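Data block below; observations after.
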Amino acid sequence: MFTSKSSVTAVLACLCIANSASAQQTTNNQNAAMREMMQRMMPGDGHKIFAKMAGKWTSKMKVWNSTAPTAPPMESTGESESKLVLGGRFVLEEATGSVMRIPMQRMSILGYDNLTKTYTLIFYSSMETATNIATGTLDTDGRTLTLRGEFTEPQGKYGFKNVVRMESDDVHVFESYRVMPDGMELKIIEQISTRVK
């Protein structure tokens, strides 16, 4: 079978155009993917609450004994400082105080993942050697952050729920609940923090 020179040229021209269009589409897809990745790397709407947490704070804390929840809580005071770090992507808190008359230091870092749309809190304390992690979301009011995680104790694991309510720019309330085996949530900590001006 014979093929004319003009037919071969036409086929080659079509292939070149198709390859060029395909290459252009690939470049466009790569550019779009790069733009999306860059956008995910930058602090967004979910990070805006971190600025409200930054600053120096004094706090009043109540701690209930989970084995005697009707007993009066132990009360103490503390101080903390929160700073925006890594370009506002995270907020780092360092705190001192006491729990049940035992001196305590605490450090935590809170972040927001643009991809999963979730907050993650990692916290440490001088009263234990565990790394504690909780994840959660911000309520639609934009002022209440609810995080859940698990503690490990000698008796096994148990769930906990932490709630941070920003009552105002200068007053924040932190509550921690122990989740009992029957699902009941037992408040064990209430901390009211006031901004130092």
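Candidates Thr70, Thr77, Thr58: the one that is exposed (fewer than 14 other Cβ atoms within 10 Å of the Cβ) and part of a strand (DSSP E or B) is Thr77.
Within segment 85-102, no residue that is in contact (Cβ under 8 Å) with a residue 24 or more places away in the chain and of a type in the set (Ser, Thr, Tyr) sits with its Cβ atom under 9 Å from a residue that is part of a loop (DSSP other than H, G, I, E, B) and surrounded by fewer than 18 Cβ atoms within 10 Å (Cβ to Cβ) at 6+ positions apart or across chains.
Can you tell me how many residues within segment 163-196 are closer than 15 Å to Ser66 by Cα and under 19 Å from the mean Cα position of the chain (by Cα)? Full working, then the answer.
Kept after step one, since they are closer than 15 Å to Ser66 by Cα, are these residues of segment 163-196: 175-190.
Still in the running and under 19 Å from the mean Cα position of the chain (by Cα): 175-177.
Counting residues in segment 163-196 that are closer than 15 Å to Ser66 by Cα and under 19 Å from the mean Cα position of the chain (by Cα) gives 3.
Could you check, for segment 110-124, whether at least one of its residues is over 30 Å from Met37 (Cβ atoms), assigned by TED's automatic domain parsing to the domain that holds Met53, outside any loop (DSSP other than H, G, I, E, B) and touching a strand residue (DSSP E or B) at 6+ places or on another chain (Cβ under 6 Å)?
yes
Pairing each residue of segment 103-122 that is over 18 Å from Gly149 (Cβ atoms) with any residue that is among the hydrophobic types (A, V, I, L, M, F, W, C), provided the two are 6+ apart or on different chains, yields C-beta distances under 9 Å for Met104/Ala95; Met104/Met127; Gln105/Ala95; Gln105/Met127; Asn114/Met41; Asn114/Met42. Among the residues examined, Lys157 qualifies as exposed (fewer than 14 other Cβ atoms within 10 Å of the Cβ) and touching a strand residue (DSSP E or B) at 6+ places or on another chain (Cβ under 6 Å).
Tell me, please, whether a residue that is within 16 Å of Ser59 (Cβ to Cβ), surrounded by 13 or more Cβ atoms within 10 Å (Cβ to Cβ), under 15 Å from the mean Cα position of the chain (by Cα) and among the β-branched types (Val, Ile, Thr) can be found in segment 141-154. Checked segment 141-154: no residue is within 16 Å of Ser59 (Cβ to Cβ), surrounded by 13 or more Cβ atoms within 10 Å (Cβ to Cβ), under 15 Å from the mean Cα position of the chain (by Cα) and among the β-branched types (Val, Ile, Thr).
The values are calculated or read from the model by the stated rules, or taken from the named source; none is laboratory data. Since we're looking at a predicted model, the values are computed, not measured. Here the Cβ is made from the backbone with ideal geometry for all residues, glycine too, and neighbour counts use every protein chain on show.
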